Amino acid sequence: MNISNSDVILLAHSTFGVFGTLTALWTFVEALNASERNMRRTRAAATLTAFFMGITWILGGYWYVHFYPADRALILKGPWPFAHTIFMETKEHLFYATLILAIFLAIAAREKLYASAAARKLVLCTALLIVLTGLAIEGAGAVINHGVRVALMHSTAEVPR
């Protein structure tokens, strides 16, 4: 079995995205139960969210520039062109919002959430938005991946033997 650099980068990209989504969920749970005792964990989870989403952005950007053009060409010629025109285009733009929210979450979580209901609600809403957009982005990635697969299966089926 051959595993290419493209595969490693793409899998690392999605893995760090999932880690970022999970740490945002962790932040949400910690903020729900905000107290002096868990502030350190809350801040750590929020900081990890920003870190993981930053790594996701770097890996995804590198992969997009260096490896995606071939996949895009396959998708657009295949039976699922919407995998690029709708899902990849949406994913590209939605991720920037998610990255900004993750950075903001790390900043907002520095407040004493146990002492401020407004700060706690802000962290809860921000973390929830990251979780929801993270799940949507992961789903879009699956559709894009399947768009490539369907295009490859379709092009193989039409090759005369």
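The values are calculated or read from the model by the stated rules, or taken from the named source; none is laboratory data. Not measured: the values here are computed from a predicted model. Positions of Cβ are backbone-derived with ideal geometry, glycine not excepted, and every protein chain shown enters the neighbour counts.
If the requirement is being modelled with pLDDT of 95 or more, of a type in the set (A, V, I, L, M, F, W, C) and over 12 Å from the mean Cα position of the chain (by Cα), which of these qualifies: Ala97, Ala31, Ala102?
Step by step, each of Ala97, Ala31, Ala102 is checked, and only Ala31 is modelled with pLDDT of 95 or more, of a type in the set (A, V, I, L, M, F, W, C) and over 12 Å from the mean Cα position of the chain (by Cα).
Could you tell me whether any residue of region 27-37 is out of contact with any helix residue (DSSP H, G or I) (no Cβ under 8 Å at 6 or more places or on another chain), of a type in the set (Gly, Ala, Ser) and in contact (Cβ under 8 Å) with a residue 60 or more places away in the chain?
Looking for residues that are out of contact with any helix residue (DSSP H, G or I) (no Cβ under 8 Å at 6 or more places or on another chain), of a type in the set (Gly, Ala, Ser) and in contact (Cβ under 8 Å) with a residue 60 or more places away in the chain, one finds at least one in region 27-37, hence yes.
With the condition kept exactly as written, say whether any residue in region 51-66 is aliphatic (A, V, I, L, M), farther than 15 Å from Ser14 by Cβ and crowded, with 19+ Cβ neighbours inside 10 Å.
As a first pass, look at region 51-66 and keep what is aliphatic (A, V, I, L, M): 53, 55, 58-59, 65.
Narrowing further to those that are farther than 15 Å from Ser14 by Cβ: 65.
Filter again for crowded, with 19+ Cβ neighbours inside 10 Å, leaving none.
Within region 51-66, none of the residues are aliphatic (A, V, I, L, M), farther than 15 Å from Ser14 by Cβ and crowded, with 19+ Cβ neighbours inside 10 Å.
Which of the residues that make up region 125-134 are in contact (Cβ under 8 Å) with a residue 12 or more places away in the chain and surrounded by fewer than 19 Cβ atoms within 10 Å (Cβ to Cβ)? Let's see the steps before the verdict.
Keep residues of region 125-134 that are in contact (Cβ under 8 Å) with a residue 12 or more places away in the chain, which gives 126-131, 133-134.
The answer is Leu128, Leu129.
Considering each of Leu113, Leu122, Leu74 in turn, give the residue that is buried (at least 16 other Cβ atoms within 10 Å of the Cβ), over 17 Å from the mean Cα position of the chain (by Cα), among the aliphatic types (A, V, I, L, M) and not in a helix (DSSP H, G or I). Before you say what the answer is, go through the steps one by one.
Values: Leu122 fails: not in a helix (DSSP H, G or I); Leu74 fails: not in a helix (DSSP H, G or I).
Only one candidate qualifies: Leu113.
Here are some conditions: (1) under 15 Å from Ala31 (Cα atoms); (2) modelled with pLDDT under 95; (3) not polar (S, T, N, Q). Arg110 meets all but one. Which one does it not meet?
(2)
Mind listing whichever residues of region 78-94 are under 17 Å from the mean Cα position of the chain (by Cα) and polar (S, T, N, Q)?
Step one: list which residues in region 78-94 are under 17 Å from the mean Cα position of the chain (by Cα), which gives 83-84, 86-94.
Across region 78-94, the qualifying residue is only Thr90.
Here is a list: Ile58, Ile107, Ile137. Which entry is aliphatic (A, V, I, L, M), assigned to a helix (DSSP H, G or I) and in contact (Cβ under 8 Å) with a residue 24 or more places away in the chain?
Ile137
Filter region 16-46 for residues that are among the β-branched types (Val, Ile, Thr) and crowded, with 22+ Cβ neighbours inside 10 Å; which is farthest from Ala109 (Cα to Cα)? Show your work before the answer.
Here is the first cut: in region 16-46, the ones among the β-branched types (Val, Ile, Thr) are 18, 21, 23, 27, 29, 42.
Those left that are additionally crowded, with 22+ Cβ neighbours inside 10 Å: 21, 23, 27, 42.
Working: Thr21: 16, Thr23: 13, Thr27: 9, Thr42: 7 Å.
That would be Thr21.
If I ask for residues that are within 16 Å of Val131 (Cα to Cα) and aliphatic (A, V, I, L, M), which ones from region 1-52 would you list? Can you show your working first?
Step one: list which residues in region 1-52 are within 16 Å of Val131 (Cα to Cα), which gives 14-32, 42, 45-52.
Result: Val18, Leu22, Ala24, Leu25, Val29, Ala31, Leu32, Ala45, Ala46, Leu48, Ala50.
Of the residues Ala102, Ala115, Ala12, Ala97, only one is among the hydrophobic types (A, V, I, L, M, F, W, C) and touching a residue at least 60 places away in the same chain (Cβ under 8 Å); which? Walk me through how you get there before you give the answer.
Numbers: Ala115 fails: touching a residue at least 60 places away in the same chain (Cβ under 8 Å); Ala12 fails: touching a residue at least 60 places away in the same chain (Cβ under 8 Å); Ala97 fails: touching a residue at least 60 places away in the same chain (Cβ under 8 Å).
None of the others qualify; the one that does is Ala102.
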